[in-house]
Amino acid sequence: MAAHLLSILIFLPLLGVLGLLFIKSDDHRNYRWVSILVTALQLCLSIYLFVAFKPEYFQFHSYDSLVYMEKANWFQLPLGNLGILSVNYFLGIDGLSLSMILLSSIVLFAGACASANITKQAKGYHALYLLLCVSIPGCFLALDLFLFFLFFEFMLLPMFFLIGIWGGVRREYASIKFFLYTLFGSILILIVFIVLFISTYNPAEMMEYVASNAGYTMQNIQEGIHSGELINNPSIIHSLDLIQLSNPVNYFPNGLLGEHNTLTLFGYSIRAWCFIALLVGFLIKLPAFPFHTWLPDAHVEAPTAVSVVLAGILLKIGGYGLIRIVWPLFPQEAADASWWIGLIGVVTILYAAFVALVQTDLKKMIAYSSVSHMGFVVLGLAAATTEGITGAVYQMFSHGLISALLFLLVGVLYDRTHDRMIPNYRGLISKMPAYSVIVTIAFFASLGLPGMSGFIAEILIFIGAFQAATSATAPIPTWMPIVATLGLLLSAAYYLWTLQRMFFGKFSTHITVDRNLLTDITLSEKVLLYTLSGLIVLFGLFPSILLNKIGPSMQAWTEFFISMK
Amino acid sequence: MNELIPHIEVPLIPADSISMLALSIFFMPIITFMILFFTGKHILASIRSWLATGVMGAMFVLSLYLHISIEGEHLSRWVWFEIGTIKFTTSMLLNSYSTTMMVIATFVSLMVHLYSVEYMRERRNHSKYFPYLALFVSSMLGIILSDNLLITFIFWELVGLASFLLIGFWYEKDTSAAAAKKAFLYNKFADLAFVIAIMILSAVYGTTEISIIKEQLNGSVALQASFIGLPLFAGLAIWFATVGKSAQFPLYVWLPDAMAGPTPISALLHAATMVAAGVFLLLKTSFLLLDWVPNLITITGCITALLAALQAMRTFDSKKVLAFSTVSQLGYMMMAVGVGANDAAFFHLATHAFFKACLFLSVGAVIHSMHHMQSHQFDHGQYKELDTLDMRLMGGFRKKMPITFVAYVLSYAALIGLPFFSGFLSKDAILGALYDWATVSGGWSWLVVTSAFITVALTAFYMTRQMILIFFGEFRLLKTDISYKKYFDHITESSWLINVPLLVLGGLSFWFFFSWNPFHAQTGWWMKGAFVSPAHHEFHLFIPAVASLFTFSAIAIAVKKYKAVDMFLDTRQSLTRLFARNYYIEKGIKLLFIRPVFIISNMCMATDGFINRAIHGKAYFFIVIAQLADVFDRWVIDGLVHFVSGFIRFIGSFFRSYLKGNIQGYFYFTLIAFALMLLWLGWYL
């Protein structure tokens, strides 16, 4: 079983979908147990994986260090003189994926628990939710870019329906906007993947074919390509194996992305354009300014559980893509563009914080605060030091938990009164004390109070960014991390202001709100919310739990990046 | 890794038994917090109070033992977390100076706990009071013990959290909620500087361990010469963080508002310990205060001391007078730090902790009885608004609450700096240090000295004013509302739970607790030479003489002015307004920061709307193209198809038309066919 642990983790929810097809129940609420059970199983598997994972170095050129790896040939397409297109089913895990897998299982489980109150077409809802549970871990584990793209795209389908059918008032608009926006990004990514397909070759696979021909080694193949002998040979295998792609030797020297290529478009090389396209594609997902406008609408209109999943993990896939794919494949271009990337990061942090300050809808405010926190990830990436990138990954993990908590809390209020407007409430602490306590904890966690995971992430990013800024190469200027600290002040401002307006003071509500609906949180809600808060505090006080596992991978990533640029 | 400096080794040091003791003292309030926060509502209020107080008492005893038995320095360091090979460490430093601070903090906390048992009895939200207090105490101890700036920062923010929760303790009051938010935000702004300091030090030294940085900075001369820029900014940034926490001008405005919290909290946090944490931090990192930074600190401290004292002179809120006084005395401590007189600053920190806490607690006792009077009225159906803090409504409490009065007078004497009291010694130390500094620096520094002396007079004035207004004369509330008379007549002394802390703290205002010599002290004897400065301070007789002269004349003026006052005419309204509005600092901040921020926010939101409209525009563009394609599809392509089918139909109908039963038609066709056949036959044959 251990050999196929990753596949089981990914495809378990499909069994759940199958099960759902055969269950018939008059009470629609019984379907939720399928999702809860399946996501709980996925959570157990992820925890097992987390505990059993030994923090080896992930070496970008070798398959040896991938402990849980599954590789199988999927299909091949011979294209005559253009070679053979090969796609593999390739899964692997390293520190970065590990943290994201753990996060996704926690958040998906929380989302499943939060979906407990869906009554309208519950079977369809849970089936779609379980499909989501398939594609998200798949995205994090895939090491073949074709497979990655498959899972990446596949997420959009359930999200579209989940938002579009079970969402709020403007759900159709929000779901189409979300879908088309991210699809546009995916198109850019696809274009780059195609370019990668045709400008690289996979010597390892070619080895398997010529193994019978004794005497041939990978070196021979590589020399053959580089000397121009083997071009336009029908036996050249192209694939999107990420490990092979990170090795610059595997690029055709005269191909589109090769070193001898002098083709330019508006003054930028093809490599630079590919980098920009990939960057934009993933930045749309992250989201970063100016590609973020799909997020507020999608979040506000989505049902609670879907918001939890959207903010908790879907955003992280953008960050994951940047760290896993973009930076290792285009290190030189990334290093050259780091000033711009840092700028995008700082602008995202501040811009989103400014907008959050003037929101009157609680959910929209939290949505913008999500955008702001993702800006920190971009800043950490721009710095590309070990602390910076570790901070970025920690921020993704921590923010996943915190925003899950925040959206669950908004859901608590919305489920009761269907009104999320901040000015409509005052002094809620008198009526809903337990709820207010958790809201206070969540708000303080999100603004980066030490003792919670957000602080560790942010301080690591700041330290990393400033170290980069004062180092000899100085990819980003010193003012960027310093100006970014204002983001901390702004988060404190909008959160505490909301706390003061909505929760403290004398209790009163707007005339449209029925006070009797404001009941305090129930035991089941308390369990979920306190567990999430507990996790946030746990990872804030004992960061080594996560960092022991992901630290070496992040250090290896940085060393690889520095050596390649 | 950074190429500026070669990798600096950060050795790990395991904790010895003394350090383990300190650690256990640190963990005790955390356990209290965990127990009381989660089970608080389910256990009796008295159990809650006494559990917390008992633990606090144990902590004090252990801290005292630690302080007595410590020899030299104990530093321990261990790893908090690592990223691959990069280690983030946390460390704890125990020396006579941190143990002294521990004793002070635990002692004042113990007194406040005892006081709170009675003061907070039967108040709303009681179940959260002692847990929050425990959270505060542990975070404060964290600041005292930590020798790593990152860890200090963590506890620094946590005391900010505790302060937020405790200021806003009575959350139903709008003033409390607003004050809590204000306190946190002003402190957060200053804390950004702390983050920047951590960033700078991490980049330059690769670590935030204070001992290591100190070694590096003092050791390498070459380092200082070429890299003074960054360490200087780090020191400046750390100072700026204390401008927020230790309420220096212009960020001190949160402190007067923080008086909305319960009085024991004002005594503990906003007088004795939390606000002093900034001074403490600067004393620890004084090696980073380079070049022109100390002068900046002194000037700011001077301005703070003076302006706050002026404000105290015209305010009628009893707690706010003490708040301004705290700000002013913090200014004194900062002035001492700025001139390098670390021992004087720490000395004043210690004496101030005791007498200011006593002042707050005694004024609190008076407020408590005013509150009782109000609730008695409520019990009899009279719901009257009463500002229990307003000094204009008080008076004559000397006879009714003599013990409170005695405690107040003792600490008042210490604050003013009357001879034979502790404050006299510590203030004299600071003034002496300022004088010594001015003789060396000359020029503008004499302005600072003058201002410090003037502030001494002002301090005497406003404190005497407060004393007279609260404790002397008649109970002025009776003038506006005679129905209070019966309750006032029944006021007795508070319970022992309130009086014992008052008297103990008041008693600590005497000189002998700090020095056997009532007129001059090098440093307190029980403080174990904490921060004995290298320079031996000469004793200038004229300094205490001049200071006492100022003090006594100010007292005389105040007595003359307020002894027989019964009406409070505001003769200089604009001045009063200036002081009441904190020199319009908040208005300035609103104009310079808050309004621009909201303008930017609205601009950003408009930008978002613009981006959305651009996307919609793009969508409409595609819809237009789609419509055009549709038209093309329907009219052109489909049209072609229709045309072709129509043509064929036309041909068909043309041919079909001759099969409709028209005999002439049939005949016509037969004739043509016959003719064609003949032609064909003829042509062939």
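The values are calculated or read from the model by the stated rules, or taken from the named source; none is laboratory data. Quick caveat: nothing in here was measured; it's all calculated off a predicted structure. Here the Cβ is made from the backbone with ideal geometry for all residues, glycine too, and neighbour counts use every protein chain on show.
A few notes on this one:
- Among residues of the stretch A:549-563 that are within 14 Å of A:W327 (Cα to Cα) and facing chain B (nearest Cβ under 9 Å), those with a beta-carbon under 7 Å from a residue that is of a type in the set (A, V, I, L, M) and part of a helix (DSSP H, G or I) at least six positions away or on a different chain give the pairs A:M554/A:I389; A:M554/A:V393; A:T558/A:I389.
- Test: residue in the stretch A:85-103 that is of a type in the set (S, T, Y), buried (at least 24 other Cβ atoms within 10 Å of the Cβ) and more than 26 Å from A:L240 (Cα to Cα): no
- Scanning the stretch A:416-464 for residues that are part of a loop (DSSP other than H, G, I, E, B) and touching a residue at least 24 places away in the same chain (Cβ under 8 Å) returns A:D419, A:R420, A:G427, A:M432, A:L447, A:G448, A:P450, A:G451, A:M452.
- Residues satisfying the stated conditions in the stretch B:287-316, i.e. at pLDDT below 90 and among the hydroxyl-bearing types (S, T, Y): B:T315
- Count of the stretch B:307-341 residues, restricted to those that are crowded, with 24+ Cβ neighbours inside 10 Å and assigned to a loop (DSSP other than H, G, I, E, B), is 2.
- The residues listed here are A:Y368, A:Y351; of these, the one that is aromatic (F, W, Y), within 27 Å of A:R501 (Cα to Cα), under 19 Å from the mean Cα position of the chain (by Cα) and part of a helix (DSSP H, G or I) is A:Y368.
- Test: residue in the stretch A:446-455 that is buried (at least 20 other Cβ atoms within 10 Å of the Cβ) and more than 20 Å from B:K188 (Cβ to Cβ): no
- Candidates are the residues of the stretch B:159-172 that are more than 8 Å from chain A (Cβ to nearest Cβ) and in a loop (DSSP other than H, G, I, E, B); the one that is farthest from the chain's Cα centre (by Cα) is B:W170.
- Top-ranked residue in the stretch B:177-187 [being within 8 Å of another protein chain (Cβ to nearest Cβ) and surrounded by 24 or more Cβ atoms within 10 Å (Cβ to Cβ); ranked as farthest from A:I429 (Cα to Cα)]: B:F184
- Qualifying residue in the stretch A:400-418 (condition: within 14 Å of chain B (Cβ to nearest Cβ), in contact with a helix residue (DSSP H, G or I) (Cβ under 8 Å, 6 or more places away or on another chain), of a type in the set (G, A, S) and over 29 Å from A:H510 (Cα atoms)): no
- Search result, residues across the stretch A:547-556 that are crowded, with 19+ Cβ neighbours inside 10 Å and out of contact with any helix residue (DSSP H, G or I) (no Cβ under 6 Å at 6 or more places or on another chain): A:L547, A:G551, A:P552, A:A556
So that you can scan it fast, the table gives a plain yes or no per residue for (1) of a type in the set (S, T, N, Q); (2) more than 23 Å from the chain's Cα centre (by Cα); (3) closer than 14 Å to B:F471 by Cα; (4) surrounded by fewer than 23 Cβ atoms within 10 Å (Cβ to Cβ):
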residue	(1), (2), (3), (4)
B:V366	no, yes, yes, no
B:H376	no, yes, no, yes
B:A407	no, yes, yes, no
B:G423	no, yes, no, no
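- Answer residue from the stretch A:425-454, given it is in contact with a Ser or Thr (Cβ under 8 Å, 6 or more places away or on another chain) and on the phi > 0 side of the Ramachandran plot and is modelled with the lowest pLDDT among those: A:G427
- You will find that of A:Y129, A:Y125, A:Y89, A:Y63, the residue that is modelled with pLDDT under 80 and among the aromatic types (F, W, Y) is A:Y63 and no other.
- Those residues of the stretch A:435-460 which are more than 10 Å from every other protein chain (Cβ to nearest Cβ) and farther than 20 Å from B:K181 by Cβ, in sequence order: A:S453, A:A457
- When residues of the stretch B:598-610 are limited to those that are of a type in the set (A, V, I, L, M) and surrounded by fewer than 16 Cβ atoms within 10 Å (Cβ to Cβ), the one nearest to the other protein chains (Cβ to nearest Cβ): B:M603
- Being in contact (Cβ under 8 Å) with a residue 40 or more places away in the chain, within 14 Å of chain B (Cβ to nearest Cβ), part of a helix (DSSP H, G or I) and out of contact with any Leu (no Cβ under 7 Å at 6 or more places or on another chain) is not true of A:G391.
- Any hit, the stretch B:108-117, residues being closer than 25 Å to A:M432 by Cβ and more than 11 Å from chain A (Cβ to nearest Cβ): no
- Checked against the criterion of being in contact (Cβ under 8 Å) with a residue 60 or more places away in the chain, surrounded by 11 or more Cβ atoms within 10 Å (Cβ to Cβ) and either touching a helix residue (DSSP H, G or I) at 6+ places or on another chain (Cβ under 6 Å) or within 14 Å of another protein chain (Cβ to nearest Cβ) (or both), the candidates B:A619, B:A554, B:A614, B:A580 yield just one match: B:A554.
- Filtered residue count, the stretch A:510-548, keeping only those that are within 13 Å of chain B (Cβ to nearest Cβ), outside any helix (DSSP H, G or I) and of a type in the set (A, V, I, L, M, F, W, C): 1
- Screening the stretch A:461-490 for residues that are hydroxyl-bearing (S, T, Y) and more than 8 Å from chain B (Cβ to nearest Cβ) and picking the one that is surrounded by the fewest Cβ atoms within 10 Å (Cβ to Cβ) gives A:T473.
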